[in-house]
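J.: If you scroll down you'll find the structure; I have some questions about it.
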Amino acid sequence: MSEERQFPGWRGTTILCVRKNGALALVGDGQVSIGNTIVKATARKVRPLAGGSVVAGFAGTTADAFALFERLEAKLESHPGQLARACVELAKDWRTDRYMRRLEAMLIVADKDETYILTGAGDVLEPEHGIAAIGSGGNFALSAARALMDYESDAETIARKAMKIAAEICVFSNENLTVETL
């Protein structure tokens, strides 16, 4: 699949998940861009699922992300309290289902104990160091959060500071944050 097909003319999003001292913060920026044009600055890309026991954030096309959220919610209902199993089942469907294979998004999904990055390639990745990031500003936020881990004790503080740094570097990210904590 060509880069143009995967991401036709749009870039954007920074989603960051930080876990520290028993707390979790999942943060998403609000910027939506088409090409070099900002079309919205206040999008909500992070949501609670499963009655608030799971949080998820997306990078990618909005309609595709909502389709994935719906499918993940169904998997969580089928496998209550089993986030890893729900994620693996979603990834299997995403990889093998003809319709789902065309969905262009990535997800970070977390509960009180586990964090996963899910992709359409069938990946269910558990990140190291209690930090996960996706999107165009993801590597900037990830680097900043890793640097802050030794100096801050609060997951949300680390996530907010790292997202500020990412927004200062990545032109496709902004500081209009949505924050979900567990």
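The values are calculated or read from the model by the stated rules, or taken from the named source; none is laboratory data. Bear in mind the structure is a predicted one, so any value in this text is a computation, not a measurement. Don't worry about glycine lacking a Cβ; one is built from the backbone with ideal geometry, like all the others, and counts go over all protein chains shown.
J.: So, of the residues in the stretch 18-43 that are more than 20 Å from the chain's Cα centre (by Cα) and outside any strand (DSSP E or B), which turns out to be nearest to Thr62 (Cα to Cα)?
T.: Gly35
J.: Which pairs turn up if I take residues in the stretch 80-93 that are at positive phi and look for partners that are polar (S, T, N, Q) with beta carbon separation below 9 Å, at least 6 apart in sequence or on another chain?
T.: Pairs found: Gly81/Ser53.
J.: A further question follows. With the requirement that a residue be outside any strand (DSSP E or B), under 14 Å from Ala110 (Cβ atoms) and of a type outside the set (Ser, Thr, Tyr), what does the stretch 46-64 give you? It would help to see each step written out before you state the result.
T.: Step one: of the stretch 46-64, the residues outside any strand (DSSP E or B) are 50-53, 61-64.
Adding the requirement that they be under 14 Å from Ala110 (Cβ atoms) leaves 50, 52-53.
Matches in the stretch 46-64: Ala50, Gly52.
J.: Condition first: more than 19 Å from Leu16 (Cβ to Cβ) and surrounded by 15 or more Cβ atoms within 10 Å (Cβ to Cβ). Now tell me which residues in the stretch 39-61 satisfy that. Explain how you work it out, then say what you get.
T.: Within the stretch 39-61, the subset more than 19 Å from Leu16 (Cβ to Cβ) is 39-40, 50-53, 61.
If the condition is that a residue be more than 19 Å from Leu16 (Cβ to Cβ) and surrounded by 15 or more Cβ atoms within 10 Å (Cβ to Cβ), then Ala50, Thr61 are the ones that fit.
J.: Does Arg85 qualify as being in a helix (DSSP H, G or I), modelled with pLDDT under 95 and either surrounded by 14 or more Cβ atoms within 10 Å (Cβ to Cβ) or of a type outside the set (A, V, I, L, M) (or both)?
T.: So Arg85 fails the test.
J.: Same structure again: Looking at Gly137, Gly130, Gly120 in this structure, which one is surrounded by fewer than 21 Cβ atoms within 10 Å (Cβ to Cβ), under 15 Å from the mean Cα position of the chain (by Cα) and not β-branched (Val, Ile, Thr)? Steps first, answer last, please.
T.: Details: Gly137 fails: surrounded by fewer than 21 Cβ atoms within 10 Å (Cβ to Cβ); Gly120 fails: surrounded by fewer than 21 Cβ atoms within 10 Å (Cβ to Cβ).
Among Gly137, Gly130, Gly120, only Gly130 is surrounded by fewer than 21 Cβ atoms within 10 Å (Cβ to Cβ), under 15 Å from the mean Cα position of the chain (by Cα) and not β-branched (Val, Ile, Thr).
J.: Give the stretch 1-24 a look and list any residue that's out of contact with any Leu (no Cβ under 8 Å at 6 or more places or on another chain) and either at pLDDT 95 or above or buried (at least 17 other Cβ atoms within 10 Å of the Cβ) (or both), or say none.
T.: Scanning the stretch 1-24 gives Trp10, Arg11, Gly12, Thr13, Thr14, Arg19, Lys20, Asn21, Gly22.
J.: Still on this structure, I have one more. Could you say which residue among Ala91, Ala67, Ala74 is assigned to a helix (DSSP H, G or I), in contact with a strand residue (DSSP E or B) (Cβ under 7 Å, 6 or more places away or on another chain) and among the small types (Gly, Ala, Ser)? Write out each step before concluding.
T.: Numbers: Ala67 fails: in contact with a strand residue (DSSP E or B) (Cβ under 7 Å, 6 or more places away or on another chain); Ala74 fails: in contact with a strand residue (DSSP E or B) (Cβ under 7 Å, 6 or more places away or on another chain).
Checking each option against the conditions leaves just Ala91.
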